[in-house]
1. Which GluC sites (Glu not before Pro) does region 210-247 hold that lie in a coil by DSSP with at most 11 other beta carbons within 10 Å?
2. By count of other Cβ within 10 Å, fewest leading, how are V194, V235, V132, V32 ordered?
3. How high is the relative contact order of the chain, in percent, counting Cα pairs under 8 Å that sit 6 or more residues apart?
4. Go through region 296-354 and name the trypsin sites (Lys or Arg not before Pro) that are in a DSSP coil and have 12 or fewer other Cβ atoms within 10 Å of their Cβ.
5. Summing +1 for each Lys or Arg and -1 for each Asp or Glu, what net charge is found among the other residues whose Cβ lies under 14 Å from the Cβ of A126?
6. Say the dipole of region 124-199 comes from +1 at the beta carbon of Lys and Arg and -1 at that of Asp and Glu; which of A197, T159, F173 then lies farthest toward its positive end?
7. Would you tally the net charge around L362, using a Cβ to Cβ cut-off of less than 12 Å, leaving L362 out, and scoring K and R as +1, D and E as -1?
8. What does the charge dipole of region 176-296 about its Cα centre add up to, to the nearest 20 debye, if the Cβ of each Lys and Arg holds +1 and the Cβ of each Asp and Glu holds -1?
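Every number here is computed from the coordinates shown, using simple stated rules; none is lab data. Keep in mind the model is a prediction, meaning the values are calculated, not measured. Here the Cβ positions follow ideal geometry from the backbone for every residue, glycine too, while neighbour counts run over all protein chains shown.
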Amino acid sequence: MAVNRNAVQIALMPGDGIGTEVSEACMGVLEVLARRHALGLHAETLRAGAMAYRDTGSAMDEATFERARAADAILLGAMGWPGIRYPDGTEIAPQLDLRFRLGLYAGVRPIRALPGVPLALADPRAAQIDMVILRESTEGLFAARGKGELIDDREARDTMVITRATTERLSHFAFDLARRRAARRGRPGRVTLVDKANVFTGFAFMRKVFHEVAAQHPEVEAAHHYIDAMALDMVRRPWDFDVLPTENMFGDILSDLGAGLIGGMGFAPSADIGDGHAVFQPSHGTAPDIAGQGIANPTAMLLSAAMMLDWLAGRGAGPGWAEAAAELEAAVDAVFAAGLRTPDIGGRAGTAEVARAVTERLGLGA
Ligand code: ATP
Ligand code: MG
């Protein structure tokens, strides 16, 4: 189902902690962008998360879920709070329920060096880091989520699930993404599956299915790499990688490692995409240590919003949306290239100041 280009409905779920702060900053920027490009963008704010749970007994009630499901896209801040937990002791994480209930199998985690942002690696090639970790988000080791087995006080078991259907979908997604990136970047695309096929049956199966799908995408190079070697190469030569599909938990870990390379969680956007739904949110959490101070870096949120605009363009919202996405990304790059520094990278620009700088840039056509 394509979106109605004159009335694109966004469900905004600010959540908790800095989620609400970066959401507010982001919506201000999106409103300016929508005006500039005459986008029919409508946002409805929905309450969910740890504070909602504390106040209502439900982290995301069914009516809220249904409204989120009915929206064309979901834009989410972050959810969870220390000390507020479900009765079984697990974290309040309705964003995971969205992932599972809406079938958002593709966790898209771009890791890109922004101009001017200090990088973890001194090698000048680090400025060329531009990869996408594609985290399978509905199965793998997380399939056992909440269903692990505590056998007795000496043993516990979790099960890893790899299915052909999801591996095929994720692999096609990876090759399609690599093809679009290749066109944009003017160089051939390469998809590298990250696994541990030498030890686990599930990963050997994943690799087999991946290469079957790869044969249907001959224009994109296909490769595979072991997770341990990948951890090493993420630090040694991260500029060599393009699209990296991987299992759920490996993707979870690699995306934090990747964020560490490019300035930290404040610079790492993400999208969880399924066949009909998608959630866009920064990779970071609610950061209770800095919440309420107005110093959270909204860059990851802004870049997530750019991913949302681009995805909506592909769903039929129209070319203006892709232009808006590119303009937003360029404006974010431009303010950092011009010397803006947020506290997480040793500067002083707070959340609102970043939003203001990006908005001004938009006016200049970035
Ligand atoms: P989650 O369990 O949701 O992944 P987490 O415990 O891993 O959360 P985050 O909330 O992602 O933690 O943040 C880790 C630390 O990184 C925070 O304590 C904070 O200092 C820093 N941080 C995260 N996001 C930002 C941001 N947008 N701006 C500045 N600092 C941030
Ligand atoms: Mg984390």
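1. Values: sites: E212, E219, E221, E247; in loops: E219, E247.
Listed in order of number, the matching sites are E219.
2. Values: V194 27, V235 13, V132 23, V32 18.
The fewest-first ordering by Cβ neighbours comes to V235, V32, V132, V194.
3. On the way: 759 pairs, mean separation 83.3, N = 366.
Relative contact order comes out at 23 percent.
4. Listed in order of number, the matching sites are R348.
5. Working: positive: R112, R125, R236, R237; negative: D123, D130, D233, D240.
Local net charge: 0.
6. It is F173.
7. On the way: positive: R35, R36, R356, R361; negative: E31, E323, E327, E329, E360.
In short, -1.
8. Details: 12 positive and 15 negative charges, 94 e Å.
I would put it at about 460 debye.
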